[in-house]
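Worksheet: the structure to be examined is printed underneath.
Any read-out appearing in this document is the output of simple, stated calculations on the displayed coordinates, not a laboratory observation. Quick caveat: nothing in here was measured; it's all calculated off a predicted structure. Here the Cβ is made from the backbone with ideal geometry for all residues, glycine too, and neighbour counts use every protein chain on show.
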Amino acid sequence: MLVNNFSAGILGMILAIVGFFVFGPVMLGISAFLGGIVGWLVSYNLLPLLSIIVEPAKVLFLNNAINHGVFTPLGIEQAAETGKSILFLIEANPGPGLGLLLAFTFFGVGAAKASAPGAIIIQFFGGIHEIYFPYALSKPITILALIAGGATGVTTNMLLGGGLAFPAAPGSIIAVTAAAIGPGVGNLLVVYLSVILAAVVTFLIAGVMLRATRKRDLEAGLTGDLSAAIAQTEANKGKESAALAGLRASSGDGRAERDAEAAYDEAETARSTDGMASGGLLTTKQVKSIVFACDAGMGSSAMGASVLRNKIKKEGIEDVTVVNKAVANLDASADLVITQNQLTDRARKQAPDAIHVSVDNFMNSPKYDEVVELVRDQHQAGQ
């Protein structure tokens, strides 16, 4: 053990010395070269052009090298002189990622559409930008939307003088707010505007792209399966990503999403639900446990569970539980499972004995009233 420990220590010391004297000058040269390019762009007010490099580089997981290797050192120097730096926001702006995920939420298909709302929370409030990389890789043309959104954010800050007092890490709206409020409230409003405009531009362009290819993707069976894109993102990172673990589990092989999404588009006004009839929900199964299930088990399903829980509470019913879970975590304890249309087939496999109800939107569905009616009738019959 002593030999191994001392050998490892000596080898590490030798490698550190070699790295310092051999690779150190090389990296300093590269950093100086890139810094010179950034300085040239700043002097000619061409900073928005950096988005052409930064946004694709982020998706390929070169964001940390660019941000911490180039922008952060230069930004620290600039902030020391002026109190803030626009360079801290070129890579860290959460607007483009938010816009892309919103576009997949409204215009995506399959697993990408179902999981995007939960990814928004992780990306925008958690600052984990890598959560949206697989979405861009699954539809590479949307990188153009990210470039346009990023350039919009940079242009806004450049024209209005927005910047951060220190690096925002992770790049969440919370960290951005903390770094922007130091130079003043006016600066904070400019930074917020840059985030909003970046998100809007990305959303509009990506939305057009996704909407234009939606029918073709469905016909070809391409329903936003994220498995390959997640694997590519982790390969770019060089290791498994904890942030993508839930997304990986939810994406599966994409077959259930393909079938459900195709049925959705073919018969948009005639979706069926287990046990649903024109007179309401018909079943003899006693319902005591209701579960809202989505890909991540949070976000949209949590909001849907809250809506139904309040409806049941208003009826004075206390012995029925309403919770939210990830589809992968469903088990036999659920009496009734509510999912969005594209996830119902997967939910049936996880909880085959439960009653399954499909809805279009977790926040507002007429089927909630039918569920409440069923629970109320059973409650009154049991009294």
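A compact table of results
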item	result
Overall form of the range 340-383 per C-alpha gyration tensor (a/c, 1.5; a/b vs b/c)	oblate
Under 29 Å from residue 367, Cα to Cα: lysines that are on another chain or at least 8 residues apart	113, 215, 285, 288, 311, 313, 314, 325, 349
Cα principal axis extents for the range 276-382, largest first, Å	34, 26, 24
Förster-model FRET efficiency, 45 Å R0, residue 310 and residue 80, C-beta, rounded to 0.05	0.30
Residues 152, 233, 213, sorted so that the one with the fewest Cβ neighbours within 10 Å comes first	213, 152, 233
Förster-model FRET efficiency, 22 Å R0, residue 169 and residue 22, C-beta, rounded to 0.05	0.15
Candidate lysines - alpha carbon under 17 Å from residue 58, same-chain residues fewer than 8 apart omitted	139, 237, 239
The range 276-382 - share of DSSP beta bridges that are antiparallel (%, nearest 5)	10 percent
Contact order relative to length of the range 31-250, as percent, for alpha carbon pairs under 8 angstrom and 6 or more apart	28 percent
Protection-proxy order for peptides 48-59, 358-369, each taking the mean of Cβ atoms within 10 Å per residue, highest first	48-59, 358-369
Label-point separation in nm, residue 52 to residue 141, each point 7 Å along Cα→Cβ	2.1 nm
Shape call, the range 31-250: gyration tensor on alpha carbons, a/c limit 1.5	prolate
Estimated FRET transfer efficiency when R0 is 51 angstrom, pair residue 331-residue 65 (beta carbons, to 0.05)	0.75
Simple spin-label estimate for residue 349 and residue 363 in nanometres, 7 Å along Cα-Cβ	3.0 nm
Taking the range 1-136 and dividing mean pair separation by its residue count, relative contact order in percent (alpha carbons under 8 Å, at least six apart)	18 percent
Which of 44, 135 has the fewest Cβ neighbours within 10 Å, and the rest in rising order	44, 135
Cα-based shape type of the range 8-99, given that a ≥ b ≥ c are square roots of the gyration tensor eigenvalues and the cut on a/c is 1.5	prolate
Selection from 326, 366, 284 lying farthest towards where the dipole of the range 276-382 points positive, charges on Cβ	326
